[in-house]
1. Just to be sure before I move on: is Ala118 touching a Cys at 6+ places or on another chain (Cβ under 6 Å), under 17 Å from Arg136 (Cα atoms) and buried (at least 19 other Cβ atoms within 10 Å of the Cβ) in the structure I sent?
2. I'm trying to understand the selection: among the residues of region 149-163, which are in contact (Cβ under 8 Å) with a residue 40 or more places away in the chain and exposed (fewer than 14 other Cβ atoms within 10 Å of the Cβ)?
3. Tell me which of these Leu173 doesn't satisfy, since it passes every other one: (1) crowded, with 19+ Cβ neighbours inside 10 Å; (2) at pLDDT 95 or above.
4. Take the residues in region 57-106 that are among the aromatic types (Phe, Trp, Tyr) and more than 23 Å from Phe211 (Cβ to Cβ); name whichever of them is surrounded by the most Cβ atoms within 10 Å (Cβ to Cβ).
5. Against the condition in contact with a Phe, Trp or Tyr (Cβ under 6 Å, 6 or more places away or on another chain) and assigned to a helix (DSSP H, G or I), how does Ser196 come out, does it pass?
6. Could you check Ile124 against (1) surrounded by 17 or more Cβ atoms within 10 Å (Cβ to Cβ); (2) of a type outside the set (Phe, Trp, Tyr); (3) at pLDDT 95 or above; (4) within 21 Å of His55 (Cβ to Cβ) and say which number it fails?
7. Scanning region 7-22 for residues that are out of contact with any Leu (no Cβ under 9 Å at 6 or more places or on another chain) and within 17 Å of Ala51 (Cα to Cα), which turns out surrounded by the most Cβ atoms within 10 Å (Cβ to Cβ)?
8. Looking at region 99-141 only, could you name the residues that are under 14 Å from the mean Cα position of the chain (by Cα) and aliphatic (A, V, I, L, M)?
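The values are calculated or read from the model by the stated rules, or taken from the named source; none is laboratory data. What you see is a predicted model; the values in this text were computed from it and never measured. All Cβ positions, even for glycine, are placed from backbone atoms using ideal geometry, and neighbour counts span all protein chains on display.
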Amino acid sequence: MSEKQALKDRYSPEFIARAEERRTRMNLHSIRVGQKTGPEIQRVLDLLYQAHQSHYFGYFESTATLCGVLLEQCLFTLLTEAVSLRGSITVRLRGQTVVISNMEDLRTVSLYQMTGSAIYYAIIPADMKDLAVELRLIRNQLMHFGFPVLRDAGTVFEAEVPTNPHDGLGSNLIVSIPAQDARDHCLTGEDNEIWSWYILTRTRDLMSAIFRARVTRLPPIKLKPDDPSAEGLPGSK
């Protein structure tokens with residue numbers, strides 16, 4: 001049984017139509033991550049696929065939660081490769097610089113610490129630093145309190161997100177979401193859907209940036225059209 005047929009058997013035609021409408025509104029391009037060299041990369045792709053499906057089906061908080069896991073998995077994967085290439089990397093841990101020389105040690109590192117190291121080693125480009133910090137702070141807010149409250153400020157929707165004292169951003173970060181873009185790409189206009197769309201698309205933007213060097217270093221292998229490995233969903237590769 002195909003995936004599409006299984007969905008039709010499980011959900012109503014109206015539900016499927018709304019999911020298809022959300023997918024159409026997103027109109028996303030595929031993301032390139034380079035060669036699939038191990039389970040960590042496949043995990044990244046699986047999480048991205050799940051985040052897309054969750055948004056299309058209207059499970060908005062699940063989408064945002066998956067994007068937080070996806071961000072962490074992306075940084076973990078690229079920092080693991082950095083350890084392999086360099087022999088070791090350093091992270092700031094409880095005010096001290098700690099040397100990480102294997103995957104097991106990296107598993108003990110928090111998202112805050114991985115983000116800092118990824119910025120230091122230019123895995124996160126300088127022009128993406130603010131976005132990476134913003135996504136991390138939104139993820140922390142979501143984990144403990146749910147979505148931040150949005151307020152309509154005319155051309156943007158705004159929300160205040162508590163910061164980490166070490167970020168040097170004051171007590172709150174103001175997140176601004178373009179209002180017209182949100183209305184164009186979201187089906188309901190509800191806050192949860194706006195947040196889901198914003199977090200998913202901005203996580204994709206960050207992914208594209210941080211995997212760019214890897215795609216150059218390990219370009220994807222072109223597969224024959226009849227190779228099952230060549231299959232995938234538009235916007236979720």
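1. no
2. From region 149-163, those in contact (Cβ under 8 Å) with a residue 40 or more places away in the chain are 149-150; that's our starting set.
The answer is Val149, and nothing else.
3. Every listed condition holds for Leu173 apart from (2).
4. Here is the first cut: in region 57-106, the ones among the aromatic types (Phe, Trp, Tyr) are 57, 59-60, 76.
Those still in the list that are more than 23 Å from Phe211 (Cβ to Cβ) too: 57, 59-60.
On the way: Phe57: 17, Tyr59: 16, Phe60: 23.
Looking at the filtered set, the residue picked out is Phe60.
5. On the way: in contact with a Phe, Trp or Tyr (Cβ under 6 Å, 6 or more places away or on another chain): yes; assigned to a helix (DSSP H, G or I): yes.
Considered against the rule, which asks whether it is in contact with a Phe, Trp or Tyr (Cβ under 6 Å, 6 or more places away or on another chain) and assigned to a helix (DSSP H, G or I), Ser196 comes out as yes.
6. It fails just one condition, (4).
7. Leu7
8. Leu111, Ile124, Met128, Leu131, Ala132, Val133, Leu135, Leu137, Ile138
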